[in-house]
Amino acid sequence: MNIRQLELFMTVAEVENMTEAANRSFISQPAVSQTIHELEEEIGVRLFDRPGRAIELNPAGKAFYQRVKHFLQEYQELEDFAEYLEKQAPMKLGANLTIANFWLPEIIPPFLQQGHQVEILADTAERILQALRNQELDLALLEGTVGEKDLIVEPFDQYELMVVVAVDHPLAQNETVTVEEFLHYPLFLREKGSAIRDTLDSWLQLQQKQASPTMSSINSPALLAMTATGTGITFLPERLAQESIYRERVCCLPFEDQRLYNQIQLVYQPKHLFTATMKAFRERIHLIKKGEK
């Protein structure tokens with residue numbers, strides 16, 4: 001039993017004429033007769049009486065008609081709702097804090113101007129990933145390494161991470177910073193588990209070193225504020241330091257042996273249905289990857 005059979009049944013029941021039903025359905029009269037015959041065979045009950053050349057619902061057919069009518073009305077409402085979801089329901093987007101600060105202001109305004117709707121959750125990467133796994137989000141923008149092998153990860157941009165020091169700090173005269181110099185001073189670092197901290201810790205591990213921060217925080221501006229006092233140093237995105245209110249009071253230096261970057265990527269569930277809004281957002285992301293911001 002399928003929707004097409006039920007729709008043809010309703011048409012035949014209402015016009016009580018196979019030829020007229022065929023004309024209204026834009027198919028041949030034998031095709032209508034065959035469809036009704038298959039429906040009756042499938043449910044095991046005759047739905048029409050055929051006195052002479054006429055056709056009319058029998059008692060079983062009248063009962064079936066009422067149920068089918070109600071079902072098709074609900075089915076149409078469901079199709080209408082599905083169309084609403086496709087065209088009007090907001091896309092649910094997650095982004096970790098660095099991306100929310102520096103990439104969303106570039107991505108979202110033109111997207112909204114095109115008439116798309118979006119709801120944004122800005123939080124830690126861990127919480128964004130959890131929401132994505134729970135299907136509370138459609139898409140996520142995340143930095144660093146995404147270790148979830150069951151997710152689709154599409155890199156589209158990157159940013160450089162640097163040692164940030166106050167302009168009057170002893171290291172400010174350097175062109176680069178050695179690992180030993182970095183670890184010599186009080187460290188104001190992002191919390192463990194953040195993409196920025198993971199990149200630093202992985203790099204230090206390759207040097208067989210480990211950071212013991214004086215201060216850990218999820219708040220990058222707070223780390224910059226402490227760094228600007230000259231009492232310690234931090235490790236943050238170069239862009240964050242250069243665009244912050246402390247940009248005149250700090251400077252950025254790369255490590256001596258390695259320049260460090262974090263990727264930014266679009267992340268989503270592999271079997272997640274893409275709406276028109278989601279497809280448009282993904283195309284917008286691909287423009288950034290091509291350098292067409």
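Checking Glu256 against (1) more than 26 Å from Pro155 (Cα to Cα); (2) modelled with pLDDT of 95 or more; (3) open to solvent by 50 Å² or more (accessible area, probe 1.4 Å), only one condition comes out false. Which one? Among (1) more than 26 Å from Pro155 (Cα to Cα); (2) modelled with pLDDT of 95 or more; (3) open to solvent by 50 Å² or more (accessible area, probe 1.4 Å), Glu256 violates only (2).
Quick check: is even one residue across segment 76-85 open to solvent by 30 Å² or more (accessible area, probe 1.4 Å), among the aromatic types (Phe, Trp, Tyr) and assigned to a helix (DSSP H, G or I)?
Filtering segment 76-85 for residues open to solvent by 30 Å² or more (accessible area, probe 1.4 Å) gives 76-85.
When the remaining residues are screened for being among the aromatic types (Phe, Trp, Tyr), the result is 81, 84.
From the residues that got through so far, the ones that are assigned to a helix (DSSP H, G or I) too are 81, 84.
Yes, there is a match, as at least one residue in segment 76-85 is open to solvent by 30 Å² or more (accessible area, probe 1.4 Å), among the aromatic types (Phe, Trp, Tyr) and assigned to a helix (DSSP H, G or I).
For residues that are hydroxyl-bearing (Ser, Thr, Tyr) and in a loop (DSSP other than H, G, I, E, B), scanning just segment 200-251, find the one that is least open to solvent (accessible area, probe 1.4 Å). Selected residue: Ser244. Taking each residue of segment 8-35 that is more than 15 Å from Arg50 (Cα to Cα) and basic (Lys, Arg) and looking for partners that are assigned to a helix (DSSP H, G or I) and open to solvent by less than 60 Å² (accessible area, probe 1.4 Å) with beta-carbon atoms closer than 9 Å, six or more apart or interchain, yields Arg24/Thr11; Arg24/Val15. Considered as a group, the residues in segment 205-215 that are in contact with a helix residue (DSSP H, G or I) (Cβ under 7 Å, 6 or more places away or on another chain) and not basic (Lys, Arg) include one that is nearest to Asp123 (Cα to Cα), and that residue is Met215.
Any residue that is at pLDDT 90 or above and within 49 Å of the chain's Cα centre (by Cα) - is there at least one of those in segment 45-52? Within segment 45-52 (the criterion being at pLDDT 90 or above and within 49 Å of the chain's Cα centre (by Cα)), the answer is yes, since at least one residue qualifies. Restricting Leu139, Leu72, Leu57 to residues that are within 14 Å of the chain's Cα centre (by Cα) and surrounded by 14 or more Cβ atoms within 10 Å (Cβ to Cβ) narrows the list to Leu139. Identify all residues within segment 96-135 that are surrounded by fewer than 18 Cβ atoms within 10 Å (Cβ to Cβ), of a type in the set (A, V, I, L, M, F, W, C) and more than 19 Å from Ile288 (Cβ to Cβ); write none if there are none. If the condition is that a residue be surrounded by fewer than 18 Cβ atoms within 10 Å (Cβ to Cβ), of a type in the set (A, V, I, L, M, F, W, C) and more than 19 Å from Ile288 (Cβ to Cβ), then Leu121, Ala131 are the ones that fit. Only residues that are within 16 Å of Phe156 (Cα to Cα) and of a type in the set (Gly, Ala, Ser) were counted in segment 95-145, giving 4.
Given the options Arg249, Arg282, name the one that is among the basic types (Lys, Arg), touching a residue at least 24 places away in the same chain (Cβ under 8 Å) and closer than 24 Å to Gln113 by Cα. Don't jump to the end; show me each part of the working.
On the way: Arg249 fails: closer than 24 Å to Gln113 by Cα.
Only one candidate passes the filter, namely Arg282.
Restricting to segment 171-192, what's the tally of residues that are among the acidic types (Asp, Glu) and in a loop (DSSP other than H, G, I, E, B)? The qualifying residues number 2. Please pick out the residue among Asp168, Asp150 that is open to solvent by 50 Å² or more (accessible area, probe 1.4 Å), assigned to a loop (DSSP other than H, G, I, E, B) and modelled with pLDDT of 95 or more. Going through Asp168, Asp150 in turn, just one is open to solvent by 50 Å² or more (accessible area, probe 1.4 Å), assigned to a loop (DSSP other than H, G, I, E, B) and modelled with pLDDT of 95 or more: Asp168.
The values are calculated or read from the model by the stated rules, or taken from the named source; none is laboratory data. Quantities reported herein were computed from a predicted structural model and do not represent experimental measurements. Backbone-built Cβ (ideal geometry, glycine too); neighbour counts: all protein chains shown. In case anyone asks, the SASA skips ligands and DNA or RNA and just uses the protein heavy atoms, side chains included. Shrake-Rupley method; radii C 1.70, N 1.55, O 1.52, S 1.80 Å.
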